[in-house]
1. Which listed residue (A47, V3, A59) has the Cα farthest towards the positive end of the charge dipole for the chain, taking +1 on Lys and Arg C-beta and -1 on Asp and Glu C-beta about the Cα centre?
2. Calculate the spin-label point distance for E66 paired with V8, positioning each point 7 Å from the Cα along the beta-carbon direction, and give it in nanometres.
3. Karplus couplings for the stretch 5-14 from phi (6.51 cos²θ - 1.76 cosθ + 1.60, θ = phi - 60°), rounded to Hz, Gly and Pro as x?
4. Give me the three principal axis extents of the chain from the C-alpha atoms, as integers in angstrom, largest value leading.
Amino acid sequence: MVVLIVWVVVAVLAVLALGVLAYGLLGARNRLVREIGLLQRDVAPVAAQLQTALAAAAAARTAQQETRSGQR
């Protein structure tokens, strides 16, 4: 009888520990998702400027190559 009580207590403690662990992991996941959203919002303008600058550099490089091709 005592062994059965010990096993029940161990099972309850194990379930309780797993529940606490799951609660903590889900909270951390939600915080991470929120932080990633905020980071994307902060980085979006910089990424747009970078894309614009890359497009301008590519256009300038193409124009320069066309100019060099015409000089030959």
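Quick note: the coordinates plus some simple rules give every number you see, no bench work behind them. The structure displayed is predicted, hence computed values, not measured ones. FYI the Cβ positions are ideal-geometry reconstructions off the backbone, even for glycines, and counts take in every protein chain you see.
1. So the residue we want is A59.
2. Reported label-point gap for V8 and E66 is 8.5 nm.
3. Computed from phi, the couplings for the stretch 5-14 are 5, 4, 5, 5, 4, 4, 5, 5, 5, 5 Hz.
4. 99, 24, 5
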